[in-house]
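Take a look at the structure set out below.
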Amino acid sequence: MAIKKYINTTEVAELTGLLCDEIQNLARTGVLPAHKSKRGYWRFNVDAVEKYFGILINKLDDVNDLNCEKAHKAMTISEFRNKCREQQGMFRKMIGEPMGVGPWRNSSKKQISMLINGEKTGKNFVDKYTFEYAKSRVKNLQAHETIDEYRLFNNMLSSQPMAFNLFCPFIRMIEEGKVDIVTSVFKAIFPDKYIGEVTEVGLEYLHTDIKNYLNDCTAMDAIVRYKDTEGKPAFIAIETKYTDVLGENTSRKDRAQDKYREWIKRIGMFKPETEAKLFSGEKLITQIYRNFLLTECYGNVEKANRCYSVVLAPAQHPTTQKEVASLRDELLPEYHYKISSVTLEDFTKKALKTCPKGNKYPFWYFKERYLSI
């Protein structure tokens, strides 16, 4: 039984690992029961929080202790990568596969998170359907696509096969006519995105006519297209991260830089001072900026009624929350809702809870393989 009847936004965020903005969004949309105090702050019913997030709030006075524990357990990105690499090494041993070389085909050093002949065995994937889908994408590789065959089939630490393992089950369900299940899952995961009916789930999406967009090879790791609650086209562009850091990858193509500046100006979502720094080069246009720009320019060209950028990463990832918050802080306040993050733990938890028994296995596999760290 909860000690207090109500808790505030910060306490909910600390207990769930979500951002305060995300918690407030749940309150504003009526998903999570809440009311505003006399000072204008959101107050949440403890019983509702426990039920929605599936947690038990024993002693709210221990929140500070929880923060201390989290701080004590905080890892550097190097430590986190090593932990994930060890997890993939253990999973490789569990499925009885020998150790391969990596991270590239011509590497000479063996790594515990690499497979051998994954393009033949399919051991980097949850099931035969996902393996066949991956082979088809490699076989029919389009211009400007950046799918690396060796990494996809043999690198267990790569976020690319991880994305295939997470989203291919949805592609399969749609092919099998189970749109209602897919829609229910994404409504549970993204209650604030006005999802009416999911129409398509795609992977490594990049429009072939790149000149109309960013004129580079930036792709959406996954895209969820849907009809919104008004019956109009909408989509969520998803970036999946396992051990990567969004701030490490910058583009050096001059032609792309011109397109970035064009779209930064056209969408008009950045603060004036941020826009000036991005134009001058004082602030680098890193991957998280390019992903956001791609979402917005694609939504603009395709005339989507709604579009959102979401980063999916493990809850323990050391940099994701900071990276998403740093981009949000560069946007005008009215566009903060455009970018958010969801933990892979929360994603799989809601998929497992929502899917019927016959469709749960891929998400159980995902949880056991990637999130038991």
Check your understanding: Of the residues that sit in segment 152-208 and are among the aromatic types (Phe, Trp, Tyr) and assigned to a helix (DSSP H, G or I), which one is nearest to residue 104 (Cα to Cα)?
Key -> 153
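Can you pull out every residue in segment 90-138 that is part of a strand (DSSP E or B), in contact with a Gly (Cβ under 6 Å, 6 or more places away or on another chain) and of a type outside the set (S, T, N, Q)? Walk me through how you get there before you give the answer.
From segment 90-138, those part of a strand (DSSP E or B) are 100-101, 110-111, 114; that's our starting set.
Remaining after also requiring in contact with a Gly (Cβ under 6 Å, 6 or more places away or on another chain): 111, 114.
Selection gives 114 alone.
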Check your understanding: When you go through 46, 63 one by one, which is the residue that is at pLDDT below 80 and more than 21 Å from the chain's Cα centre (by Cα)?
Key -> 63
Check your understanding: Got at least one residue in segment 325-337 being over 17 Å from residue 288 (Cβ atoms) and of a type in the set (Gly, Ala, Ser)?
Key -> no
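What residue, among those in segment 341-359 that are open to solvent by 10 Å² or more (accessible area, probe 1.4 Å) and not in a helix (DSSP H, G or I), is farthest from residue 319 (Cα to Cα)?
Keep residues of segment 341-359 that are open to solvent by 10 Å² or more (accessible area, probe 1.4 Å), which gives 342-343, 345-346, 349-350, 352-354, 356-359.
Still in the running and not in a helix (DSSP H, G or I): 342-343, 356.
Working: 342: 13, 343: 12, 356: 34 Å.
Per the stated criteria, the residue is 356.
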Point to revise | Residue list for segment 236-260, restricted to those being at pLDDT 85 or above and out of contact with any Asp or Glu (no Cβ under 8 Å at 6 or more places or on another chain) | key: 236, 237, 241, 242, 243, 244, 260
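The rows are residues; the columns are (1) farther than 30 Å from residue 86 by Cβ; (2) open to solvent by 10 Å² or more (accessible area, probe 1.4 Å); (3) modelled with pLDDT under 95; (4) not hydrophobic (A, V, I, L, M, F, W, C).
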position	(1), (2), (3), (4)
225	yes, yes, no, yes
280	yes, yes, yes, yes
289	yes, yes, yes, yes
299	yes, no, yes, yes
302	yes, yes, yes, yes
306	yes, yes, no, yes
Check your understanding: Considering only segment 81-127, how many residues are farther than 27 Å from residue 170 by Cβ and either over 27 Å from the mean Cα position of the chain (by Cα) or open to solvent by less than 70 Å² (accessible area, probe 1.4 Å) (or both)?
Key -> 22
Check your understanding: What is the number of the single condition among (1) without any contact (Cβ under 8 Å) to a residue 60 or more places away in the chain; (2) over 14 Å from the mean Cα position of the chain (by Cα) that residue 223 does not meet?
Key -> (2)
Check your understanding: Hey, among the residues in segment 22-33 that are open to solvent by 40 Å² or more (accessible area, probe 1.4 Å) and modelled with pLDDT of 80 or more, which one's nearest to residue 10 (Cα to Cα)?
Key -> 24
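Looking at 99, 94, can you tell me which residue is under 12 Å from residue 156 (Cβ atoms), free of Cβ contacts under 8 Å to residues at least 24 places away in the same chain and out of contact with any strand residue (DSSP E or B) (no Cβ under 6 Å at 6 or more places or on another chain)?
Numbers: 99 fails: out of contact with any strand residue (DSSP E or B) (no Cβ under 6 Å at 6 or more places or on another chain).
After ruling out the rest, the residue left standing is 94.
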**Study point:** Scope segment 183-213; condition under 17 Å from residue 304 (Cα atoms) and touching a Leu at 6+ places or on another chain (Cβ under 7 Å); matching residues
**Key:** 192, 213
Practice item. Please tell me if residue 112 is hydrophobic (A, V, I, L, M, F, W, C), modelled with pLDDT under 95 and under 25 Å from residue 244 (Cα atoms). Key: no
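Looking only at segment 316-340, count every residue that is assigned to a strand (DSSP E or B) and within 21 Å of residue 185 (Cα to Cα) and tell me the total. Please lay out each step first, then the result.
Going through segment 316-340, the residues assigned to a strand (DSSP E or B) turn out to be 331, 339-340.
Of the ones still in play, those that are also within 21 Å of residue 185 (Cα to Cα) are 339-340.
So the count comes out to 2.
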Check your understanding: If you go through segment 132-170, how many residues are in contact (Cβ under 8 Å) with a residue 60 or more places away in the chain and of a type in the set (Lys, Arg)?
Key -> 1
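What's the total number of residues in segment 361-371 that are in a loop (DSSP other than H, G, I, E, B) and open to solvent by 60 Å² or more (accessible area, probe 1.4 Å)?
Within segment 361-371, the first condition is being in a loop (DSSP other than H, G, I, E, B), and the residues that meet it are 371.
Subset that is open to solvent by 60 Å² or more (accessible area, probe 1.4 Å): none.
Summing the residues that are in a loop (DSSP other than H, G, I, E, B) and open to solvent by 60 Å² or more (accessible area, probe 1.4 Å) in segment 361-371 gives 0.
The values are calculated or read from the model by the stated rules, or taken from the named source; none is laboratory data. The model shown is predicted, which means the values in this text are computed figures rather than measured ones. Positions of Cβ are generated from backbone atoms using ideal geometry, with glycine treated the same way; all protein chains shown enter the neighbour counts. For the accessible areas, the whole protein counts, side chains as well, though only heavy atoms, and no ligand, DNA or RNA atoms are used. Shrake-Rupley method; radii C 1.70, N 1.55, O 1.52, S 1.80 Å.
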